[in-house]
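A short write-up of the structure that comes next.
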Amino acid sequence: MIITTPRSAAGSIFDALLTAFGWLGFLYLLFQGANAILAAYGASGMASLNDPFIPTLETLLFYLLIACINALVLGAWMKWRRTHEIHEQPRGRGDRLGTAGFTLSPDQLHHVQDSRVTIIHHSADGDIAGLEEVNSLARATDHDDVAPIARAA
Amino acid sequence: MTDRIIALLVLCVMLGTPLGVTLMLTSHVLLNFVFFYPLFMSALWIAGGLFFWLIWERKWRWRPYPPPAFEGTPLISVLIPCHNEAEHGEETIMAALAVAYPNLEVIVINDGSTDGSGALFERLATRHERLRVIHLAQNQGKAMALRMGAIAARSDYLVCIDGDALLDPDAVNYIVAPLVAHPHVGAVTGNPRIRTRSTLLGRIQVGEFSSIIGLIKRTQRVYGQVFTVSGVITAFRKQALDQVGYWSLDMVTEDIDITWKLQRAHWAVFYEPRALCWILMPETLRGLWKQRVRWAQGGAEVFLKNISTIWRWEHRRLWPLVIEFLLSTVWTFAFALTVALWIAGRLVALPEAMQVALLLPPSFTGMVLAVTCLVQFGVSVLIDRRYEPSLAHALYWIIWYPFAYWLINLFTTLFSFPTVMLRIRRRRARWTSPDRGIKEST
C-alpha cells in the first residue's frame, strides 16, 4: 500500500541530514529554553523581575490559560450538545429526488440509471444537451459508432 | 458588483488589521499574536482530538471486529470522477469493487479524458458486472462529473472518491453507517492516509494528515460543524445533495463548498476515522505548492461566497468556523507585516512602537512552540496508531512538519487570498493535473 520509490543516494542523504538538522535545532531550542529558566532563577532560587524571560513567561501563561479555557468550553459544549441538542431538521426535505437542476425527464433519468455505459453531452453553459447509451461494452473509445437514444433539451 | 465591493472591503480589513494593531498598540502585540496563535490553535486541536477519542472513538469497534452491517443491505453507489486516470484508474476501481460490502455499484465518470482512460474503463466494465461507466463527451470539471454520477446512481447513499484513491475493504461500511443510522446526517467524511512516502515532503505530510488534519476534523466534530469534508473520500446522502443543489460548478474546491451548503441547510456532517482511504499526495515542492494554492483559493472563495449571508442567526453555529478562518488569514498578514517591519527597520528608522528587533521567536517561546508541536504529533500517534500501527515510525521525519505547515499556509494564503478577492468574476473550475508522487529515475 505504501509507496516508497527508490531515489538517488544524494536525495536520501539530503533528507536525512535536513531532518537531523531539524532535530538538532529542536534540541538547541529545548536546552536554551531550559537554560533561560535556570539562569532567571539564579542562585537565589528566585526569578528577577528584570529578566526578559519573565514577561515572555507571563504572556505564554496567559495564552495557555486562554487555550485551556477554550478547551474546557469546547468540552462543556460537547457535553451539552450530547445531552440537550435536538437535531434541527434540514429545511425542505422532501421526495424531489433525481432530476432537480438537470433538465432531464423521468424517462431520461431511468435510461441513465439503467445503462451500463452512457455518454453525456453538455452545452457550453453546462446543461445536459444529449444522452447516448452505449450498448456494446466492447466497443472502441470513439463515440461515433453509437446510436443516440435520447436528446434532452 | 456588490460582491466585488464586499471582496475589496474584506481584503482591506485583512490587510489593515495587523497594521492597525501595530499602529494603535505596538509591534510587540503583533509579535505575540504571530508566535502564540499557532500555540493557541495547537492546544485547541489537541484538546478536541483527545475529547473525540476519549468520549467516542476509543469505544468504537475496530479490527478484528467486523464492520457494521445494515438491515436490508441497501444498495450503495461508489462514484469515481476521473480525468486522464489511465495510470491509476484500474487500481482505484479494483479496490472499490473489492470492498467488503455486498450490495454495491461502482460508477466511474470519465470526464473527457484523452489518455485512453475511457477504453480502460469500458474494458473493466465488460469483466465486472457491478461497474458502470459514464463518459462526459467534453471535459466539464470534477463538480459536473460528480453531478452526473449522482444522476446515474441508483442508491441514496453515494460514496465519492478520487480517481487515484484506494478504498480500504471496510471503508464503505464505516462511512455509510452514520447515514443509515441518523436521518439528519447529510455527509460523512473519511480518513485519508498517505501512500506516497518517498521524499521528506511526502513523509512530512504523513505527520500533517494525522497531527493537523485528523485533529482538526475531530475538534470540529466535537464542536458540531466541519469546515470541509475530504474531497478524496466522503459519503453523501443524495437527498441532501438534491436539496442544496449538488456541487457548485464554479468553486475551485467543490468539497469545501458542498460542506457549507449542507450545513447551512442544517444537514449534519460527520467524521468517521475508521473509513480509511489510501491516497497519493505531491512529493515535490512544485506539486505541493499547486495543491495548497488550490486549497487556499477554495477556502477564500467559499468564505467570500458566504460572507454576506452567514451572519444570519440560523447559521450561528458556523460562525466559529468563519472566525477561525478570519484569524488564520489575519495571522498570515500579521506574519508578513512582521517580516516587512523587520526588513524596513534595517533600512530606515521606524518609530519605536513599530520596531521588530527579532524575527525568530525568543528561545523560551521557540522551545514551547516546538514541544507543543511534538506533543500534538504524539497525541495523533496515540489516536491514529490503531488505523496505521507503523505510524510511530514516521516520528523521525516529522520534525519539520509544524514549520512546513505554517510556512506553506503563510505563502499560499498570501498569494491566494488577494487573488480571489480581486478576481473579477468566478469561472468554471476545471481539472488540474496533480503531482502523485515521484517516479523512479531510469
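Read-outs: derived from the displayed coordinates by stated rules, not from any lab. Predicted, not measured: the structure shown is a model, and the values here were computed from it. Here the Cβ is made from the backbone with ideal geometry for all residues, glycine too, and neighbour counts use every protein chain on show.
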In a Gaussian network model over chain B where Cα atoms closer than 10 Å are linked, find which of B:Gly149, B:Gly231, B:Gly287 has the largest mean-square fluctuation. B:Gly287
When the Karplus curve 6.51 cos²θ - 1.76 cosθ + 1.60 is applied with θ = phi - 60°, which whole-Hz ³J(HN,Hα) does each residue of region B:377-384 get, with x for Gly and Pro? 5, x, 4, 5, 5, 4, 7, 8
Residues of B:46-54, mean number of Cβ from any other protein chain within 10 Å of their own Cβ, rounded to a whole number? 3
With a/c under 1.5 counting as rounded, go ahead and sort region B:69-203 into rounded, prolate or oblate using the C-alpha gyration tensor (a ≥ b ≥ c being the square roots of the eigenvalues; past the cut-off, prolate if a/b is larger than b/c, else oblate). oblate
Taking the DSSP beta bridges in the protein assembly as shown as the whole, what percent of them are antiparallel, to the nearest 5? 35
Pick out, in residue order, every one of the chymotrypsin sites (Phe, Trp or Tyr not before Pro) in region B:288-393 that is DSSP loop and has at most 13 other C-beta atoms within 10 Å; say none if there are none. B:Trp311
Report, in debye and to the nearest 20, how large the dipole of the protein assembly as shown comes out about its Cα centre when Lys and Arg carry +1 and Asp and Glu carry -1 on their Cβ. 1020
Roughly how crowded by other chains is peptide A:114-125, in terms of the mean Cβ count from those chains within 10 Å of each of its Cβ atoms? 6
Using θ = phi - 60° and the Karplus form 6.51 cos²θ - 1.76 cosθ + 1.60, what ³J(HN,Hα) does each residue of region A:26-33 get, whole Hz, x for Gly and Pro? 4, 5, 4, 4, 4, 6, 5, x
Check which residues have an amide H placed less than 5 Å from B:Gln355's amide H, if you skip close sequence neighbours. B:Ser27
Given an 8 Å cut-off on Cα distances and at least 6 residues of separation, report the relative contact order of region B:122-245 as a percent. 34
Near the amide H of B:Cys160, under 5 Å away, which other amide H atoms are found, from residues 5 or more places off or on another chain, if H is placed in the peptide plane? B:Leu79, B:Thr234, B:Ala235, B:Phe236
Once the principal axes of the Cα atoms of region B:290-403 are found, what is the range along each, listed largest first in whole angstroms? 56, 44, 29
Using only atoms on other chains, find how many Cβ atoms lie within 10 Å of each Cβ of peptide A:71-78 and report the average. 5
For B:Tyr271, other-chain or 5+-apart residues with amide H closer than 5 Å (H placed, Pro excluded) are B:Thr189
Just give me a number: lysine pairs in the protein assembly as shown, eight or more positions apart or cross-chain, with C-alpha atoms less than 21 Å apart. 11
Do you know the relative contact order of chain B, to the nearest whole percent, from alpha carbon pairs under 8 angstrom that are 6+ apart? 22
How many angstrom lie between the Cα centre of region B:159-196 and the Cα centre of region B:17-82? 17
Quick one: 3J(HN,Hα) in Hz for region B:182-193, Karplus 6.51/-1.76/1.60 with θ = phi - 60°, rounded, Gly and Pro as x. 10, x, 8, 8, x, 8, 9, 9, x, 10, x, 10
Everything considered on the Cα gyration tensor (a ≥ b ≥ c; rounded for a/c under 1.5, else prolate if a/b is larger than b/c, else oblate), chain B must be described as prolate
With angles folded into 0 to 90 degrees, how steeply does helix B:171-181 sit against the dominant principal axis of chain B? Use alpha carbons for both and round to 10. 90
